[in-house]
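**Q** Sending over a structure as structure tokens; questions will come in a sec.
Laboratory data are not the source of any read-out in this text; all were calculated from the coordinates shown. These numbers were taken from a predicted model, which means no experiment stands behind them. Here Cβ is always computed from backbone atoms with ideal geometry, including for glycine, and neighbour counts include all displayed protein chains.
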Number of protein chains: 2
Amino acid sequence: QAARDEELLGLCLLPGETLDGVRVHLRGNVELTEELPLALRHGAEGVGLFRSEFLYLNRSAPPGEEEQLSAYRAVLEAMAPQPVTIRSLDLGGDKLAPEINISDELNPALGLRAVRFSLKERRLFKTQLRAIFRASAFGQARLMLPMISGVAELWACRELCEEVKAELTAEGVAYDPGLPIGIMIEIPSAALIADLLAREVDFFSVGTNDLIQYFLAVDRGNEHVAYLYEPLHPAILRALRLICQAARAASIPVGMCGEMASDPLYTLVLLGLGFDELSMNPPSIPRVKEVLRQVRRSEGEDLLEQLLTLPTASEINRCLEDEMTRRFPVLFRPPAP
Amino acid sequence: QAARDEELLGLCLLPGETLDGVRVHLRGNVELTEELPLALRHGAEGVGLFRSEFLYLNRSAPPGEEEQLSAYRAVLEAMAPQPVTIRSLDLGGDKLAPEINISDELNPALGLRAVRFSLKERRLFKTQLRAIFRASAFGQARLMLPMISGVAELWACRELCEEVKAELTAEGVAYDPGLPIGIMIEIPSAALIADLLAREVDFFSVGTNDLIQYFLAVDRGNEHVAYLYEPLHPAILRALRLICQAARAASIPVGMCGEMASDPLYTLVLLGLGFDELSMNPPSIPRVKEVLRQVRRSEGEDLLEQLLTLPTASEINRCLEDEMTRRFPVLFRPPAP
Ligand SMILES: [Mg+2]
Ligand SMILES: [Mg+2]
């Protein structure tokens, strides 16, 4: 085990690259500045998902612009010159300060949350956008909008970004005018119109946890139906393919920041789909990289084609497990009987 | 107004048919036997959605086989020789008798409901299936399964149907061995694998209310986000197209039983998509038929192509309203300013 640990540690220093030279950026999902050293130690090439929710939770009033600026700036400076993707507030109203609390929703997962909430509480949203744009002067920042369901919503967010940029320019405050603006693809409608959305943004990041939940109409936190939450449902594979094809056609990068990205069982398939970036909890990076460095993209593409012929999640799962166990007997040793 | 009422009433007696001879069956959504005369008076060619929930509500124990049989038989006999599509129980556990009540779900819309509930409470399900199969001896019955998300779930239901048929045969009880078995398409995953599902069933019926909700991740009963519930979101049009194409490729009929079917604004688009059946609250039938009888399928196809080039629901909506107002100034007079 000690030798194995050493081996994984050694992987941290090597690039995320396939045998045939395809670069896949392996980044960290991070919430607190204190987690950054861990991310760097595991070889994260930047932060693919910086969650801003912690700033808003457990307090009586939302955080001001200066407080947010210093939080974002700290992360950007710690990771420079690597990029940090800051996700705008991804909460439901039920989690926030009492004055803006909305707690009477029958189905909060289908309710006022994330960008919907931000667009309703525009002052709150604008404060966050100002802090993110100002922080962009101190590193490689990217802005990511969660729960986008259509083009009109995206336009509304971009308009607010333009307002913020104009204000900062007028105030003589520094920011990166080319700050990339991207969206999470985590709502089924966004997957189906990925081609229309790809024209309007600088990058995609697939949030598989929500994407799977909504595509299958399953709350995976609900024990009665959690068995239906299947990352390898054929509809999910097809949706991921639609999203990646749309990104490629528009020449924008596409990443994944859901849990699926962190499981090496899926790495070869995600490579075959064409993902440019996988963002995960940092300790998962070495194992994903280990798979990545021993395969070619064409192998991923072939495997994907094979999986796409199967009609059920359990058949796809079995086929993938067989294939990965055959290729990587040490990594995917089947559980002892 | 009296002349107009007379005109609509006259339509009740005419077939649902386009100028170029395409038959679209206009059927009724019905819950109680008492509603059948109303459906017949409005020219319903059978019942496209017979809701069985009323049998289960507001009582201390679920209904037995004999009670259900007589309810289904009454509807079948009243509508014969027209078909009646009986939907198996489409409830969440929270609505049922206390002994099987599940009321602790955080997101009931993503929880244990409809066919998921039936597959968990197999005795309850089997009782209902036995009643439906037995009733099929008395008319043109069809069985429709709600909330199917994938092929495996469908197989589980079909297996139970086979069990029921074998039992009835062994008992010497009459039933229709060719009873058509279809599914509602109302979960995004089902839309994306409509081709895989079409091979396994006798018909599709699209439940637009839920399909739209899940595709857009919007609870339309939630006032804060109801504005996002858009039947003409481009992702919805694309999903409907996928479903209809899959049905056509497998040569099975495809219907719609959500509210979208009952609004004449959508009739020409639904014709263009290729729907064979529209099922609605009976009083809506004459107005839908009025549109249907004045158009050609190719006109619907052309309109659909035009709508599919637009990137947002509001643009699609405006284009459709303009077109329908132009064609049918009396039906779609714009609201007074
Ligand atoms: Mg999410
Ligand atoms: Mg439904």
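**Q** Rounded to two decimals, what is the ratio between the C-alpha radius of gyration of segment A:161-237 and 2.2 N^0.38 Å?
**A** Working: Rg = 17.9 Å, N = 77, 2.2 N^0.38 = 11.5 Å.
Ratio of Cα Rg to 2.2 N^0.38 Å: 1.56.
**Q** Amide H neighbours of residue B:186 under 5 Å, counting only residues 5+ apart in sequence or on other chains, H built in-plane at 1.01 Å?
**A** Under 5 Å from the amide H of residue B:186: B:147, B:148, B:207.
**Q** Under a no-solvent Debye model with one identical scatterer per Cα of chain A, what's log10 I(q)/I(0) at q = 0.09, 0.10, 0.14, 0.15 Å⁻¹?
**A** -0.48, -0.60, -1.17, -1.32
**Q** Determine, for B:85, B:325, A:267, the number of other Cβ atoms within 10 Å of each Cβ, and report the residues in order from fewest to most.
**A** B:325, B:85, A:267
**Q** Moving to a separate point now. Helix-derived [θ] at 222 nm for chain A: sum -39500 (n - 2.57) over DSSP H runs of at least 4, divide by residue count, nearest 500?
**A** Result for chain A: -13000 deg cm²/dmol, rounded to the nearest 500.
**Q** Give me the one-decimal nm value for the distance between modelled label points at residue B:3 and residue A:251, 7 Å along each residue's Cα-to-Cβ direction.
**A** 6.3
**Q** Taking the alpha-carbon set of segment B:13-155, what are its Rg and Dmax in Å?
**A** 16.6, 55
**Q** Count the lysine pairs in the protein assembly as shown whose Cα atoms lie under 23 Å apart, taking only pairs 8 or more positions apart in sequence or on different chains.
**A** Final tally of qualifying lysine pairs is 8.
**Q** Additional query: Counting only other residues whose beta carbon sits under 13 Å from that of residue B:205, what net charge do I get with K and R as +1, D and E as -1?
**A** Working: positive: B:27, B:51, B:87, B:142; negative: B:90, B:186, B:202, B:210, B:276, B:277.
In short, -2.
**Q** At q = 0.07, 0.11 Å⁻¹, what is the base-10 log of I(q)/I(0) for the protein assembly as shown according to the Debye formula with one equal point scatterer per Cα and no solvent? Please give it to two decimals.
**A** The computed values of log10 I(q)/I(0) come out as -0.52, -1.16.
**Q** Between residue B:20 and residue B:333, take the C-beta separation as r, use R0 = 35 Å, and let me know the FRET efficiency to the nearest 0.05.
**A** Rounded to the nearest 0.05, the efficiency is 0.85.
**Q** I need the helices of chain A that pass two filters: whole DSSP H segments spanning 20 Å or more by Cα along the axis, and mean Kyte-Doolittle score no lower than 0.5.
**A** The qualifying helices are A:234-249.
**Q** Would you work out the Kirkwood radius for segment B:110-244? I mean one over the mean of 1/r across all pairs of different Cα atoms, in Å.
**A** Roughly 16.1 Å, rounded to one decimal.
**Q** Nm distances between the label at residue A:7 and the same-position labels in the remaining copies, 7 Å along Cα→Cβ, shortest first?
**A** Sorted ascending, the copy-to-copy spacings read 8.1 nm.
**Q** So for the pair residue B:54, residue B:123, with labels modelled 7 Å out along Cα→Cβ, what separation do we get in nm?
**A** Between residue B:54 and residue B:123, the simple spin-label model gives 2.8 nm.
**Q** In nm, what is the difference between 0.36 nm times the number of residues separating residue A:169 and residue A:298 and their Cα-Cα distance?
**A** Extra length available between residue A:169 and residue A:298 comes to 41.8 nm.
**Q** What translational diffusion coefficient, in µm²/s and rounded to a whole number, does the Stokes-Einstein relation yield for segment A:199-251 at 20 °C and a viscosity of 1.002 mPa s, taking the hydrodynamic radius as the Kirkwood radius over Cα pairs?
**A** On the way: Rh = 12.2 Å.
Answer, rounded: 176 µm²/s.
**Q** Tell me, Kirkwood radius of segment A:193-337 from alpha-carbon pair distances, in Å?
**A** Value: 15.8 Å, from the Cα pair sum.
**Q** For a Förster distance of 30 Å, can you work out the FRET efficiency between the beta-carbons of residue B:308 and residue A:106, rounded to the nearest 0.05?
**A** 0.35
**Q** Separate question: How many times 2.2 N^0.38 Å is the alpha carbon radius of gyration of segment B:9-93? Mind dumping the intermediate values first?
**A** Details: Rg = 15.1 Å, N = 85, 2.2 N^0.38 = 11.9 Å.
For segment B:9-93, the normalised Cα radius of gyration comes out at 1.27.
**Q** Could you work out the mean count of beta carbons from other protein chains within 10 Å of each residue's beta carbon in A:176-187?
**A** Values: counts 0, 0, 0, 0, 0, 0, 0, 0, 0, 0, 1, 8.
Partner Cβ neighbours, averaged per residue: 1.
**Q** Let me ask another. Quickly work out the residue B:137-to-residue A:162 label distance, labels modelled 7 Å from Cα along the C-beta direction, and quote it in nm with one decimal.
**A** 7.1
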